[in-house]
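*Asks:* I'd like to ask you about the structure that follows.
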2 protein chains.
Amino acid sequence: MKKIDKVMIVGGTHGNEFTGIYLIKKYQKFPHLISRSNFETFTLFANPKSFELVKRYVETDLNRCFKIEDLANPDLIKYEQLLAKKIAQHFAQEKIDFTIDLHSTTSNMGLTIIVDDNFVVLQLAAYLNSINPSVKILQYSSAINQKSHLRSLGNFNLAIEVGAIANGVLEAKLFQETEILIQQILDYIELSNQDKKPILPDKCTVYRQLTNIGYPRDENGEIKAMIAPELQDYQPLKKGDRLFLDFNGEEITYQGDSVVYPVFISEAAYIEKSVAMSLTEKLQIQL
Amino acid sequence: MKKIDKVMIVGGTHGNEFTGIYLIKKYQKFPHLISRSNFETFTLFANPKSFELVKRYVETDLNRCFKIEDLANPDLIKYEQLLAKKIAQHFAQEKIDFTIDLHSTTSNMGLTIIVDDNFVVLQLAAYLNSINPSVKILQYSSAINQKSHLRSLGNFNLAIEVGAIANGVLEAKLFQETEILIQQILDYIELSNQDKKPILPDKCTVYRQLTNIGYPRDENGEIKAMIAPELQDYQPLKKGDRLFLDFNGEEITYQGDSVVYPVFISEAAYIEKSVAMSLTEKLQIQL
């Protein structure tokens with residue numbers, strides 16, 4: 001692994017996800033908690049204005065504003081579009097190598113590490129899963145997301161996604177579990193920088209994003225069905241299983257041929273994006 | 001029980017509590033579900049504008065705007081203050097006897113019936129608890145709440161409070177359980193109107209609101225501690241039990257002499273009201 005010189009921990013990319021925001025506040029008060037011997041650690045409270053409003057964003061989702069062409073487009077002047085340009089400039093000036101972006105979700109996903117196609121970061125995620133098997137690895141498709149996320153500013157990057165936490169709520173258990181994950185990540189980077197990387201498992205389980213599924217809507221665009229109550233994040237969904245229940249009691253079933261694993265079931269913020277859940281495939285990857 | 005002629009079911013008093021809103025939409029589409037032989041049932045989607053914004057309210061909490069002196073005060077002209085006057089007028093014109101207001105909470109409270117001091121409604125709640133023991137009865141103090149809630153427009157009234165549900169999320173299981181409760185309430189009123197009230201238990205357990213507890217805050221007013229993760233709604237809290245954990249790991253313990261039962265633990269909307277939880281006493285009431 002190439003030596004990492006500068007790590008950025010980001011919270012408050014969404015103003016109503018309190019876990020990351022209060023962790024950043026804690027680290028800014030007690031910076032020794034995140035300092036390590038062979039790299040620098042920075043913190044960023046990304047969108048304090050949206051936190052004041054206890055909203056995901058002021059005008060548009062900051063975490064969709066980081067496509068390279070959008071950052072270069074002078075016509076994009078919504079509040080978060082301007083904020084994204086400022087944040088990108090800050091990352092470039094500081095020469096950030098590694099970005100850790102802290103999120104929470106209303107879905108019951110437990111502890112999830114979201115990675116992209118970077119194998120070095122996948123190894124790190126596999127290490128986290130090997131010491132705590134409840135940590136899931138979710139691999140995002142760049143095709144679907146087009147590097148629009150804040151974390152893509154780091155050459156190496158991951159997001160920590162924890163839930164279920166309602167928006168605007170500070171929840172001690174997942175706060176502490178996120179804090180432990182951050183310690184483990186920083187320790188791993190410190191060891192890797194000394195070529196003393198911990199022993200990794202031979203392989204790991206990865207949930208790779210396939211596609212998003214929207215809510216059924218009526219002719220006025222109104223949601224006309226609920227997600228079936230038995231659906232659970234990271235649990236298999238097979239052809240014929242119930243996906244949605246109509247308000248008249250009718251069922252809509254899954255019709256895909258392969259077994260898939262839904263995640264982000266009932267994530268509140270995704271309703272406006274017309275996403276009821278995200279489907280993944282479950283893979284074993286050799287390390 | 002005095003004969004009930006007109007029942008009003010209200011959803012969307014808070015625009016981000018989707019259970020009640022989608023139930024009202026369902027009832028407006030299928031009114032036969034709530035029609036009964038000896039009284040009229042009405043529905044009200046109280047604050048559609050806040051639903052469009054997926055916010056609790058537009059300018060101020062509608063469910064604190066119904067004090068009689070506030071309704072009569074011409075200087076109160078925030079959006080929800082005006083809306084409250086209009087709703088109060090509607091209830092008066094329709095001569096509503098009984099109000100059922102549908103709410104959800106980010107606290108893990110399960111199914112709760114909130115009542116005031118009306119003994120007839122307490123009997124109804126005791127009946128609901130007798131057929132489904134997981135239904136809790138929470139009695140609000142008029143002293144703390146000063147009849148500021150929408151439901152106080154009905155001479156007889158209750159709120160159904162279900163959780164945990166994140167704001168802005170439609171959740172099938174609690175939706176269906178709320179729907180069953182409404183059916184049971186309407187059936188009970190129908191039987192009572194015929195003097196065929198179902199057999200009631202001899203006594204019931206009531207959690208009576210005592211006081212609210214705020215978050216510890218620093219000199220800038222910022223929250224400086226989290227609710228201890230082991231705290232659970234409706235579970236006993238004794239002197240010396242942990243209440244909060246400071247970000248430096250220090251504990252703040254409960255110092256009251258009597259055993260109390262917290263509810264609304266981590267309700268997102270109450271953070272702005274400086275309420276971390278509400279404390280209740282557990283009572284057995286003879287019926």
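The values are calculated or read from the model by the stated rules, or taken from the named source; none is laboratory data. Keep in mind that what you see is a predicted model, and the values were worked out from it rather than measured. A quick note on method: Cβ atoms are made from the backbone with ideal geometry, for glycine too, and the neighbour counts reach across all protein chains shown. Just so you know, the surface numbers come from the protein's heavy atoms only, side chains and all, with ligands and any DNA or RNA stripped out. Shrake-Rupley method; radii C 1.70, N 1.55, O 1.52, S 1.80 Å.
*Asks:* So in the range A:250-287, with the set limited to residues that are assigned to a loop (DSSP other than H, G, I, E, B), open to solvent by less than 50 Å² (accessible area, probe 1.4 Å) and without any contact (Cβ under 8 Å) to a residue 60 or more places away in the chain, which one is farthest from B:Leu23 (Cα to Cα)?
*Replies:* Here the residue is A:Gly256.
*Asks:* With buried (at least 23 other Cβ atoms within 10 Å of the Cβ) and either without any contact (Cβ under 8 Å) to a residue 60 or more places away in the chain or touching a Ser or Thr at 6+ places or on another chain (Cβ under 9 Å) (or both) as the only criterion, which of B:Asn108, B:Asn157 stands out?
*Replies:* B:Asn157
*Asks:* Output the residues belonging to the range B:196-249 that are part of a strand (DSSP E or B) and within 13 Å of chain A (Cβ to nearest Cβ).
*Replies:* B:Arg217, B:Ile223, B:Ala225, B:Met226, B:Ile227, B:Arg242, B:Leu243, B:Phe244, B:Leu245, B:Asp246
*Asks:* Additional query: If you take the residues in the range B:185-224 that are of a type in the set (Phe, Trp, Tyr) and under 30 Å from B:Phe244 (Cβ atoms), which one is surrounded by the fewest Cβ atoms within 10 Å (Cβ to Cβ)?
*Replies:* Top of the filtered list is B:Tyr215.
*Asks:* If a residue must be within 10 Å of chain B (Cβ to nearest Cβ) and assigned to a helix (DSSP H, G or I), how many such residues does the range A:28-63 contain?
*Replies:* 1
*Asks:* Under 21 Å from the mean Cα position of the chain (by Cα), modelled with pLDDT under 95 and surrounded by 14 or more Cβ atoms within 10 Å (Cβ to Cβ): does that describe A:Lys49?
*Replies:* no
*Asks:* For the range A:68-98, give me each residue that is in a helix (DSSP H, G or I) and under 18 Å from A:Ser50 (Cβ atoms).
*Replies:* Of everything in the range A:68-98, those that are in a helix (DSSP H, G or I) and under 18 Å from A:Ser50 (Cβ atoms) turn out to be A:Tyr79, A:Glu80, A:Gln81, A:Leu82, A:Leu83, A:Ala84, A:Lys85, A:Lys86, A:Ile87, A:Ala88, A:His90.
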